[in-house]
Structures are given as structure tokens and as C-alpha cells.
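All remarks here apply to the structure that follows.
The values are calculated or read from the model by the stated rules, or taken from the named source; none is laboratory data. What you see is a predicted model; the values in this text were computed from it and never measured. Note: ideal-geometry Cβ built from the backbone for every residue, glycine included; neighbour counts use all protein chains shown.
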Amino acid sequence: MSNRRKFIKATTLGAIGASTLVGFKSVEKTDASATILNKGNQTKPLIISTWNHGLPANEETWKNLKNGISTIDAIEAGMRIPEADPKIRSVGYGGFPDREGKVTLDACIMDHNSDCGAVSFLQGIKHPISVAKRVMQNTPHVMLSGQGALQFALSEGFKEENLLTEEAKKDWEKWLEESKYKPVINMENHDTISMLVLDKDGNISGGCTTSGAAWKMHGRVGDSPIIGAGLFLDNEVGAAAATGLGEAVIRTAGSAMVVELMRQGKSPYEACKEIVERIYNKHKNHKDMEYLQVGFIAINKNGEHAGYSLRSGFNYAICDEENGNRMEDAKFKMSWE
Ligand code: GLY
């Protein structure tokens, strides 16, 4: 079995387990045409998150929203679940390290007032999403990076700890044998958890958190902490978030562009698809094309939502009152195999 197949199998089983646990209706991955035809979800709140690890994150966010916690705090609570899970190799504790064996984390959070906070190249703190929230709430800035972000986190009472698990260390040592940077699509660049929430008042907020591309250069920062690239929202219009190779998303201001297309009247599906097409056109002769995967999720104020990726294999978790917490396969431009 290829690594990718093993991965898909493991995460699919994980997803089914998670949705059973939640007590929600367990819904198998559905045909993505359902997304295209989605005419809006008038029941609020609505939560969508990237990848299978979106399911337990959605569950936690949902629970918090239902308990009357603020939307930003509920997003933070949801994203702390994959951040703390050592089995998730692309987020937080247990994430793949860079080529020097260091786990370095990126995250951002944004609310309906366009307030936002971010951390990049943060080491030794398990919950970058929580530090990003404190940057938003307790500093005059949007982003803190590296040693400065760590200093700030410590001053806010966060605890420094080793985030490199034995498993991740073994994988890194294996990678060192050849030391080739050529991410495995949907595995080593499948990465980020991004979450978008339309809350009960019809306001939109979102967050992203990731350990970034596996085996990246020390100091590399991806799209996830960059407002406009990994995440963007305008409460008048909608929100979008990205996953995949951050370099390609930064080059094209991906999430901001998806939101702008929705402002011009495109549906979330049309907007995500158009930006993926644009990324493809800009990269089809680029050195990154060989291992390029990018995917977007988006929602608008009417509760329409969609996911679309360049290559197959991208899915996202959707949670609402009517249909519970379930996975949906995103439509895609091309099969990766
Ligand atoms: N999309 C996450 C990264 O490239 O770091």
C-alpha cells in the first residue's frame, strides 16, 4: 500500500471514529456536486474546516458555540484539538519538523470586525492559535514572529515544551537519509487546519494553524499566518482559507482573491475554482508544479459553502444543525496520480 493510501485509510477511519463519538449523524463522504448545488444554509451556526482533522475541531467549536462561548474563543478551542494531537503530523505537537529537526508553527485568527492576530515561525509552544488570539487582543500588532513571538507567549503565561515527538523524529531521521525536498502531495503538504464559522448572528470569523510544509528550510513561513493568503474574510461578503503549498498561495494572495470574487457575485464554489485555475495557470511551468497541491474552502453570508482543490484528495468537514458533522470531498481540477 502506498504511503498516501495508508494515510487516506488511516484518516478516513479516524474521521468515522470521530463522528461516531460526537453523536452526530455519521455521513460518508458525499459527491461534491452537492456542494455546487448548495443553495445556502439558513441554519446557523455553520462551521467548515479543512481535512479529516476538521471533524474533531468542528465538534469542539460547535460545543463551545452552543454553550454561548464567543465565536473567536470557540474557534480557538476547536483548533487546539488537532494542535494537541501527536498523530496529526501537520499541525502543532507531533507536526513534521523542518530539515534541522525543529518544529516551527504558524497560525492566525480573524474576527468579523477584521481584527486579526498571527504568529509565525514560533517554536516550543503547543498552541499557536492561542498565541495568535493574544496577539490580536493584547498587542497593537497583527503578527509576531520567531523569538519575539516566543517571548510574547512566555510573557502571556504559555509554557515552553518540546514539540518533536519520537515518531516525528524518526520520520525526520529517515528523510535525512536522502534529504530531498519534494513534498508528498496531500501528505507532506496537506498541512493546515483552517476553519471558517458563520455564527448564529450571521457574523463570520476564521482561523488557521499548521506546522507547515514538512522538511522546509529553517525559518520558512508559509501562507497560514498571512492574512490574505492562508485566511481572509470580509464580514460583508464571506470568508476563505487555504491549504496546500503555501508558496503558491502567497504568490497569488489566494484567500483574499476568493473573497473578492465572492464580492463580485461569484458563489463560493465558483470563486474557489477560479483561484485554483489561476494558481494552476501561474504554476504550470513552474518548478513547484511537480508536487503542487492547493485547496480552498469558502463560505458566504448566505451560508453557501464549497471546497475546491488543484489535485484530488482534498476534503473538508462541515457542521450544522440540520446534518451534523460530516466530511465532503472537494471537487478538483486534476487527479494527482
Ligand atoms: N499551507 C501551509 C504551508 O504551506 O505552510
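Miscellaneous remarks
- Qualifying positions in the stretch 218-236 - away from the ligand (no atom under 12 Å from the Cβ) and surrounded by fewer than 20 Cβ atoms within 10 Å (Cβ to Cβ): 218, 219, 228, 234, 235, 236
- Test: residue in the stretch 110-120 that is surrounded by fewer than 14 Cβ atoms within 10 Å (Cβ to Cβ), outside any helix (DSSP H, G or I) and without any contact (Cβ under 8 Å) to a residue 12 or more places away in the chain: no
- Taking the numbered list (1) modelled with pLDDT under 95; (2) within 16 Å of the ligand (Cβ to nearest atom) in turn, residue 105 passes all entries but (1).
- Residues that are surrounded by 24 or more Cβ atoms within 10 Å (Cβ to Cβ) and assigned to a loop (DSSP other than H, G, I, E, B) within the stretch 287-303 comprise just one, 293.
- Unique match (being buried (at least 23 other Cβ atoms within 10 Å of the Cβ), over 12 Å from the mean Cα position of the chain (by Cα) and over 17 Å from residue 208 (Cβ atoms)) among 76, 59, 100: 59
- In the stretch 237-282, the residue that is farthest from the ligand (Cβ to nearest atom) out of those that are within 18 Å of the chain's Cα centre (by Cα), under 22 Å from residue 75 (Cβ atoms) and touching a residue at least 60 places away in the same chain (Cβ under 8 Å) is 238.
- Residue match in the stretch 259-269 (condition: buried (at least 22 other Cβ atoms within 10 Å of the Cβ), of a type outside the set (S, T, N, Q) and in a loop (DSSP other than H, G, I, E, B)): no
- Screening the candidates 201, 171 for the property of being surrounded by fewer than 18 Cβ atoms within 10 Å (Cβ to Cβ) and either under 30 Å from residue 303 (Cβ atoms) or within 16 Å of the ligand (Cβ to nearest atom) (or both) yields one hit, 201.
- Exactly one residue out of 65, 154, 150, 122 is closer than 22 Å to residue 246 by Cα and modelled with pLDDT of 95 or more, and it is 122.
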